[in-house]
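Colleague: Just dropping this structure here.
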Amino acid sequence: MPPQQRTDGINDQGMRRVVSTSELSSGSLGSINSDAGTPREYRVRKSKLIGMIDWAHVMLTHAPHLLVLGLVILLGQIVRQVVDDLFGDSNVEWFSYETIAVVIHAIKDLFVRLYVSIAESDGFDIFSPAVKTTALILVVAAWIIRRDNPIYCLSFATFKAPEEWKVDHDQIIEMMRRKKCFTDESLTFMQKILERSGTGPATAWPPGIVQSLHRDDEKADQSIEASRKEAETVIFDVVEQALKKANVKPKEIDVLVINCSLFSPTPSLCAMVVSHFGMRDDVATFNLSGMGCSASLISIDLAKRLLGKGRGKALVVSTEIITPNLYHGNERGFLIQNTLFRCGGAAIVLSNNWLDGRRAWYKLLHTVRVQGSGQAAYECVYEGEDANGERGVRLSKDIVKVAGKTMEKNLTTLGPQILPLSEQAKVVWSIIVRFSMKSLAKFLKQRGAADMAAKVPIMKPYVPDFKRCIDHFCIHAGGRAVIDGIEKNMQLQDFHTEPSRDTLYNYGNTSSSSIWYELEYIQEHQRTNPLKKGHRIMQVAFGSGFKCTSGVWLKL
């Protein structure tokens, strides 16, 4: 389904970059004034060494088949050696039964002699140099392939809500009004949040809540059955799509991981999927809750670890169920959740089988997870009750500060794994200069030269240019402010944050699945910086706790 087109034409100062797909992808990005603004110039800046590494990964997807070809060549060389030893330059009838029988018998004797030679430590002198060279190359190639231990994304699918689930901002406020529990001040507050949110006029809410717009009694259904119905509709749809795209049967799945933060019924969501799709009895299932919008990459990392060195397939499902989690009080810290989240979900099929590399969409290169510490980080996204006992999720005023620190730690961990050496050298030089200047200023203060110490320049920390190793960015669509902040701090261009803004506009904040809607946009719709084989995609998400997760994928 193509993204919606914005029809209101509004571009007020408070929502300066929440525009339609056609405006973002028109190719004439008028708001970009820097010399490095166009996709063409951006690609030139990418490290050539990183590009060579990326293409090495792409070529490795063909390595198993090349290894088989190499074994065929090796067998051919052995046959050639035997034929030369038996017949030399003599004229023989090559395809007669007697000739073939003699050659096969001679090959068998050759391998018997090889066994005897190894047992008696006489070496491999019975083979020609060409055969020994080919065998050595194949052994080294097999060793390199085994060390790679790849994780491939065979397919992914996102949930597209039916039209009857979609509502505009006015309808959302009307649904809140019909709850008959919110004050006029709370309704006005939620209206302002919606206007500044960057979400579009047709985002999805669950049918149990939307029905209040169409019933005479104006009642919503937030029962456990309505919650299960939402979960079944979303999860079954994305799982079926993902398995079909990957050409994988449910019984081929070895590991199933589902993350949903606020809805954790008994039996679990994993049990629901196993029962519906008839998966194997020994499938390893894991249901993750309470991890917020960062949980999808945590689930990907868990599936990667569970697959290990063996050959298997994993199914990861990321979603959030809205039906039972509406806040019914009037404290502003809790009210934000009522305007922030929307229905959505994604399913991802993973494999660590070498032979799946040629049909895979992406290869997972890195995953990094950073957990914040301290009371402020722990409580900045906190499920609890207000003064009147109404349950909800409170968002702290410290969330922006905590998110910034956590992301800085995450990128500091990820940077050495993906940044070119030139960028890493600049970071090291910046640290050395800053340390030297601070030490000099401290020395001058100790010697009573405070005026001179105040004049010592302190270099700002160098922010490495991740655009030199990353082609596309999937920034969690948690809100307009989140996207604006990351765009500014990482010095990204409009076309880098285009997938995030489009996802926020068309689907809202779908929690952990939002980064997959963004990747889908890059894959199917983006024209300003089209996805190509060998490109790297970074996904970044934030979650309660407080966590920041990141993952880097390579387009195959």
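The values are calculated or read from the model by the stated rules, or taken from the named source; none is laboratory data. Here the structure is a predicted model, which means the values were calculated and not measured. Please note: Cβ atoms are built from the backbone with ideal geometry, for glycine as well, and neighbour counts cover all protein chains shown. These area figures cover heavy atoms from the full protein model, side chains too; ligands, DNA and RNA do not enter into them. Shrake-Rupley method; radii C 1.70, N 1.55, O 1.52, S 1.80 Å.
Colleague: For the stretch 334-414, what's the relative contact order in percent, using C-alpha pairs closer than 8 Å and at least 6 residues apart?
Modeller: Averaging sequence separation for qualifying contacts and normalising by length gives 35 percent for the stretch 334-414.
Colleague: Pairs Lys245/Lys533; Lys244/Lys555; Lys309/Lys405; Lys251/Lys309: which exceed 27 Å Cα-Cα?
Modeller: Lys309/Lys405
Colleague: Right, here's the next one. What does the charge add up to near Cys260, with Lys and Arg as +1, Asp and Glu as -1, over the other residues with Cβ less than 13 Å from its Cβ?
Modeller: Around Cys260, the charge tally is -2.
Colleague: I would also like to ask the following. Of His535, His366, which has the most accessible area and how do the rest follow, probe 1.4 Å?
Modeller: The residues order as His366, His535, largest area first.
Colleague: Mind ranking 346-355, 219-228 by how tightly packed they are, going by the mean number of other C-beta atoms within 10 angstrom, highest first?
Modeller: 346-355, 219-228
Colleague: Further question: Apply the a/c threshold of 1.5 to the C-alpha gyration tensor of the stretch 416-488 and tell me whether it is rounded, prolate or oblate.
Modeller: Judged from the Cα gyration tensor, the stretch 416-488 comes out oblate (a/c at least 1.5, b/c at or above a/b).
Colleague: To continue, here is another question. Going Cα to Cα from Lys108, which lysines come in below 27 Å? Please leave out same-chain ones fewer than 8 positions away.
Modeller: Lys132
Colleague: Is the stretch 503-543 best put as rounded, prolate or oblate by its Cα gyration tensor, with a ≥ b ≥ c the root eigenvalues, rounded for a/c under 1.5, and otherwise prolate when a/b is larger than b/c, oblate when not?
Modeller: The shape class here is oblate.
Colleague: A further question on this structure: Ranked from the most accessible area to the least, with a 1.4 Å probe and all protein chains present, what is the order of Tyr152, Tyr97?
Modeller: Sorted descending by solvent-accessible area, the residues read Tyr97, Tyr152.
Colleague: Pulled fully out, how much extra length does the chain show between Ile431 and Leu138, if you take 0.36 nm times their separation in residues and subtract their Cα-Cα distance?
Modeller: 101.0 nm
Colleague: Run the accessible area of the stretch 417-501 with a 1.4 Å probe and give the carbon-and-sulfur part as a rounded percent.
Modeller: Carbon plus sulfur share of accessible area: 64 percent.
Colleague: Counting Lys and Arg as +1 and Asp and Glu as -1, what is the net charge of the other residues whose Cβ lies under 15 Å from the Cβ of Trp165?
Modeller: Its environment carries a net charge of -4.
Colleague: Okay, next question. In nm, to one decimal, how far is the His366 label point from the Lys244 one, both placed 7 Å along Cα→Cβ?
Modeller: 3.7 nm
Colleague: So, one more: Given the Cα atoms of the stretch 351-456, and with Rh set as the inverse mean 1/r over their pairs in the Kirkwood sense, what is Rg to Rh to two decimals?
Modeller: 1.21
Colleague: Hey, another quick one. Just add up the charged neighbours of Gln371: K/R +1, D/E -1, any other residue whose Cβ is under 11 Å from the Cβ of Gln371.
Modeller: +3
Colleague: Using Cα positions and a limit of under 21 Å, work out the lysines in reach of Lys180, with same-chain residues fewer than 8 apart set aside.
Modeller: Filter leaves Lys192, Lys219.
Colleague: Please give, to one decimal in nm, the separation of the simple spin-label points placed at Lys192 and Tyr462, each 7 Å out from Cα toward the Cβ.
Modeller: It is 4.4 nm.
Colleague: Accessible area of Arg358, 1.4 Å probe, to the nearest 10 Å²?
Modeller: 150 Å²
Colleague: Student exercise: in the stretch 414-501, how many lysine pairs 8 or more apart or on different chains have Cα atoms under 21 Å apart?
Modeller: Qualifying lysine pairs in the stretch 414-501: 12.
Colleague: Distance between the C-alpha centers of the stretch 339-384 and the stretch 467-481? Whole Å please.
Modeller: 14 Å
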